[in-house]
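Report on one structure; see the data block that follows.
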Amino acid sequence: MKKKFFTIYAAVLIMAVILFHYVFMLAVVPTESMAGTIEPGNHVICSRYGIGEGDIERYDVLVFTPPDHPQMLYIKRVVGLPGETIVVKNGKVYADGAELDSSFTKAPQNRRGDGVYKVPEGHYFFLGDNRNNSNDSRFWKNKYVPAANIKAKAKFICFPFTRLTWL
């Protein structure tokens with residue numbers, strides 16, 4: 001009986017390791033940059049699929065390595081797509097002249113980071129949902145994240161249980 005239990009336990013463990021290495025990612029959010037949507041300490045299940053250039057859409061919440069800190073992982077919202085001109089002005093964000101949705105932001109945005117950002121092909125521009133307290137594309141030396149740096153798409157807050165929700 002013990003041998004059978006051990007075999008089942010080992011098989012489940014191996015499957016979990018494989019799934020979380022190739023299919024899923026579990027991210028624990030350490031900062032307030034996405035507060036309002038994802039709070040510090042939330043555990044987020046992410047998918048390693050659907051992150052190719054044709055799969056990424058504006059407002060997706062992605063896990064990526066920022067160009068200025070390639071040893072780290074960040075989680076933020078895609079605001080600028082390849083080839084777009086993003087304007088951050090007077091607390092609002094525009095893509096190619098059209099005002100973007102800000103209903104998910106934590107608070108009205110201050111004017112820090114106002115500017116014009118031309119997103120190169122094959123790159124993305126990211127902002128945190130807590131824009132007044134977010135180290136995002138506006139403030140990095142290398143402002144645009146190459147598609148190759150994107151690791152996963154956030155799908156579901158799984159912990160704490162009081163915050164269970166799809167993203």
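The values are calculated or read from the model by the stated rules, or taken from the named source; none is laboratory data. Keep in mind the model is a prediction, meaning the values are calculated, not measured. Cβ: placed from backbone, ideal geometry, glycine included. Neighbour counts: every protein chain shown.
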Residue, farthest from P108 (Cα to Cα), within the stretch 129-147, restricted to residues that are part of a helix (DSSP H, G or I) and of a type in the set (G, A, S) = A147
For the stretch 21-33, enumerate the residues that are part of a helix (DSSP H, G or I) and closer than 30 Å to N133 by Cβ.
-> none
Which numbered condition E121 misses (of (1) more than 22 Å from L26 (Cβ to Cβ); (2) of a type outside the set (K, R); (3) in contact (Cβ under 8 Å) with a residue 40 or more places away in the chain) = (3)
So, first residue over 15 Å from D129 (Cβ atoms) in the stretch 96-118, second residue among the hydrophobic types (A, V, I, L, M, F, W, C) and surrounded by 13 or more Cβ atoms within 10 Å (Cβ to Cβ), Cβ within less than 6 Å, six or more apart or across chains; the pairs are D114/V88; G115/V88; V116/V87; Y117/I86; Y117/F125
Within the stretch 72-79, can one find any residue that is more than 23 Å from F24 (Cα to Cα), in contact with a Lys or Arg (Cβ under 7 Å, 6 or more places away or on another chain) and either aromatic (F, W, Y) or surrounded by 18 or more Cβ atoms within 10 Å (Cβ to Cβ) (or both)?
-> yes
Sole residue being modelled with pLDDT of 90 or more and surrounded by 10 or more Cβ atoms within 10 Å (Cβ to Cβ), chosen from T7, T37 = T37
Residue match in the stretch 101-119 (condition: in contact with a strand residue (DSSP E or B) (Cβ under 6 Å, 6 or more places away or on another chain), of a type in the set (S, T, Y) and under 17 Å from E32 (Cα atoms)) = no
Quick check: is even one residue across the stretch 41-63 within 22 Å of K141 (Cβ to Cβ), among the β-branched types (V, I, T), touching a residue at least 12 places away in the same chain (Cβ under 8 Å) and out of contact with any Leu (no Cβ under 8 Å at 6 or more places or on another chain)?
-> no
Could you count how many residues in the stretch 98-145 are hydrophobic (A, V, I, L, M, F, W, C) and loosely packed, with under 12 Cβ neighbours inside 10 Å?
-> 3
Give, as residue ranges, the strands (runs of 3 or more DSSP E) completely inside the stretch 34-100 that count at least 1 residues that are more than 17 Å from F125 (Cα to Cα).
-> 43-47
When you look at F161, is it among the aromatic types (F, W, Y) and under 24 Å from F24 (Cα atoms), yes or no?
-> yes
Every residue from the stretch 89-120 that is among the β-branched types (V, I, T), modelled with pLDDT of 95 or more and closer than 19 Å to D60 by Cβ | V93, V119
Subset of the stretch 146-167 that is under 17 Å from S33 (Cα atoms) and of a type outside the set (K, R) - its residue that is surrounded by the fewest Cβ atoms within 10 Å (Cβ to Cβ) | L167
